[in-house]
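A quick write-up on the structure given underneath.
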Amino acid sequence: MTKFLLWCLLLFFCWPLALFALVAYPIVWLLLLPFRMVGIAVEGALGLVWAVVTLPARLLRAI
């Protein structure tokens, strides 16, 4: 909701910039999508490494 209100203010004060932002936002989102996917994959890999490293400690704690 905050982003929408800020966009409405931008539309009121500088409508060409607001229309450019409205058109550019999906393009920027599509360009950044591969980086988000890589981030998700790296986070999963690091989570797996953390689980493997901490497995002996969790097994000893369970006994």
Principal axes first, then extents: for the Cα atoms of the chain, list largest minus smallest coordinate on each axis, whole Å, largest first. 65, 23, 10
Starting at the first residue of segment 46-55, write each ³J(HN,Hα) from the Karplus equation 6.51 cos²θ - 1.76 cosθ + 1.60 with θ = phi - 60°, in whole Hz, x for Gly and Pro. 5, x, 5, 4, 4, 5, 5, 5, 8, 4
Working from Cα positions, state the angle (0 to 90°, nearest 10) between the long axis of helix 2-13 and the longest principal axis of the chain. 20 degrees
Using θ = phi - 60° and Karplus 6.51 cos²θ - 1.76 cosθ + 1.60, couplings along segment 40-45 (whole Hz; Gly, Pro as x): 5, 5, 5, 4, x, 5
Counting only protein heavy atoms, what percent of the accessible surface of segment 1-41 is carbon or sulfur at a 1.4 Å probe? 87 percent
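The values are calculated or read from the model by the stated rules, or taken from the named source; none is laboratory data. No experiment lies behind these values; they were computed from the predicted model shown. Please note that ligands, DNA and RNA were not included when accessible areas were found on the heavy atoms of the full protein model with its side chains. Shrake-Rupley method; radii C 1.70, N 1.55, O 1.52, S 1.80 Å.
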